[in-house]
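Everything below concerns the one structure shown next.
Each reported figure results from applying straightforward, stated rules to the coordinates on display, with no laboratory input. Since the model is a prediction, treat every value here as computed from it, not as a measurement. With ideal geometry, Cβ positions are generated from the backbone for all residues, glycine too; neighbour counts draw on all protein chains shown.
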Amino acid sequence: MKYFLSMIMISVTCTLYSQADSARSEKNVQVLPVFGFCISAPKSEKVDDFISFITDELAPRHINTLILMVNYGFRFESHPELNTEGSITKEDARKIAEACRKCNIKIIPEVDLLGHQSWASSPGSLLRVYPDFDETPNVKFPEKYVWPNADGLYCKSYCPLHPEVHKIIFDLIDEICDAFGADALHAGMDEVFYLGESQCPRCSGHDKAELFAGEVRTIHDHLAQKGRRLWIWGDRLIDGKTTGIGEWEGSYNSTCRAVDMIPKDVLICDWHYDRPDKTPVYFAMKGFDVVSCPWNNPSSAVAQVQDMMSFRGNSSEVMKGHFLGVVQTVWTGSDDFISRFRGKKPGRNEKTEVSCFNALCGEMRKAGDMKQLPTW
């Protein structure tokens, strides 16, 4: 009963927002198709509070896309051996998706694939349960993690050529997409430092760009069979040395050439946090749809909105449609961000994710006297 009453309130609230917006001036036009928000999925016991954040905070600010970083924080039925405490359930996913639907927000679950299979001194669920998938089994986790280190260990990768790995990960992403009713998946694939390593009996000697592109194609083709679109971060497709962007927001291990080897309907999330580098133009010229992704730098976020507006306004009809918009990224836990956003913890006003998001929302409103962003 509590759930159904909550859904009724959400429906009424979002309908009122929609009616109020429809009554406003005809000057309220679409300026960027995507105004997105990317954040970690909540713990199961925090789902109701997270839904109130969607309806009370995201919907009024006209967020129309939510990238929810689920990863292994889901109670899998296909592979319960991978489950972790506090993970959201299929019912939790349905409730979140329903709230988004009522607020005209497209939900895109994210599961980090290829890279980000560990953090600091411990493996993630996949490598913990299936250590044979490890691209670098010779690299041992230190008791105390520091960066930089002699092994170049940031996050581990799974071996994309392991004959059993895709059976497992496809089960996982299918289950998550089904639970959310999603027609797209964000597969991460950022900051892949370990790939094609000499100690891997399968990957050794392979071209790193071809390995990366091959994994993108494999995931893309699997999703396409069910009518789902692939989103990824764009950093591994940028030459970090030639551009001067560096090894985090760009690649130092030659994966950048994969940009010419992957399907053009992959959507690129082009993240730059300290500087609003103009790489959306690069991806659009390659034929990809692209969104810019800020983090905690308000001035950079404002510039990224302005750049996207300029790119759309000063490009050919073919090119302009590739510049889709902006997505705020949040790299603290959802509960922590929500607490700071609501002023229950410090961190609202300085250079933080909260201040960046507020600046981003302000610039999006300013961009076209816009009070409403339609669905896309």
Nearest 10 degrees is fine. How inclined is helix 298-313 to the longest principal axis of the chain, computing both from alpha carbons? 80 degrees
Lys90 and Arg275 label points (each 7 Å along its Cα→Cβ direction) are spaced in nm at 4.9 nm
How far, in nm, would the chain grow between Asp49 and Met285 when pulled straight, counting 0.36 nm per residue and subtracting the alpha carbon separation? 80.8 nm
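State the number of lysine pairs found in the range 138-220 whose Cα atoms come within less than 22 Å, restricting to pairs 8 or more positions apart or on distinct chains. Walk me through the intermediate numbers first.
Details: Lys140/Lys156; Lys144/Lys156; Lys156/Lys167; Lys156/Lys208.
Final tally of qualifying lysine pairs is 4.
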Please enumerate, by chain and number, the aspartates and glutamates with C-alpha under 14 Å from the C-alpha of Lys278, excluding those fewer than 8 residues away in the same chain. Asp235, Asp239, Glu249, Asp270, Asp307
For the range 74-154: span of alpha carbons on each principal axis (Å, largest first): 50, 26, 20
Area projected by the alpha carbon convex hull of the range 152-201, averaged over all directions, nm²: 4.4 nm²
May I ask you to sort Arg236, Arg229, Arg94 by Cβ crowding, counting other Cβ atoms within 10 Å and putting the fewest first? Arg94, Arg229, Arg236
Which value in Å does the Kirkwood hydrodynamic radius of the range 29-127 take, with 1/r averaged over all unlike C-alpha pairs and then inverted? 14.6 Å
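Fully extended, how many nm does the chain gain between Arg365 and Lys344 (0.36 nm per residue separation, minus their Cα-Cα distance)?
Values: separation 21, 0.36 × 21 = 7.56 nm, distance 2.57 nm.
Here the answer is 5.0 nm.
For the residues Trp295, Trp147, what sequence is obtained by ranking on other C-beta atoms within 10 Å, fewest first? Could the numbers behind the result be given before it?
Details: Trp295 19, Trp147 8.
Listing Trp295, Trp147 from fewest to most nearby Cβ atoms yields Trp147, Trp295.
Given contacts defined as C-alpha pairs under 8 Å and at least six residues apart, what's the relative contact order of the chain, whole-number percent? Don't skip to the end; give the middle numbers.
Working: 705 pairs, mean separation 72.3, N = 376.
Once normalised by length, the contact order is 19 percent.
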Grab the beta carbon distance between Asp336 and Val129, set R0 = 22 Å, and tell me the FRET efficiency rounded to 0.05. 0.20
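First select every other residue whose beta carbon is under 9 angstrom from the beta carbon of Gly124; then total the charges, Lys and Arg +1, Asp and Glu -1. Numbers along the way, then the final one.
Numbers: positive: Arg128, Lys156; negative: Asp112.
That works out to +1.
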If R₀ is 22 angstrom, what is the calculated FRET efficiency for the pair Asp151 and Tyr252, using the beta carbon separation as r and rounding to 0.05? 0.90
Only Lys, Arg (+1) and Asp, Glu (-1) charged, at Cβ; the range 126-283 dipole about Cα centre in debye: 120 debye
Modelled label reach - Glu57, point 7 Å along Cα→Cβ, the range 288-325 residues with backbone N closer than 20 Å: 293-299, 301-302
Among Glu81, Glu91, which comes first, second and so on when ranked by fewest other beta-carbon atoms within 10 Å? Glu81, Glu91
Kirkwood Rh over alpha-carbon pairs of the range 70-206, then Stokes-Einstein at 20 °C and 1.002 mPa s: what D in µm² s⁻¹, rounded to an integer? 133 µm²/s
Reach of Lys344 by Cα under 30 Å, taken over lysines that are not fewer than 8 positions away in the same chain: Lys2, Lys43, Lys46, Lys90, Lys95, Lys102, Lys106, Lys366, Lys371
Working note, the range 285-371: Cα radius of gyration (Å, one decimal) and Dmax (Å, whole number) are 14.7, 47
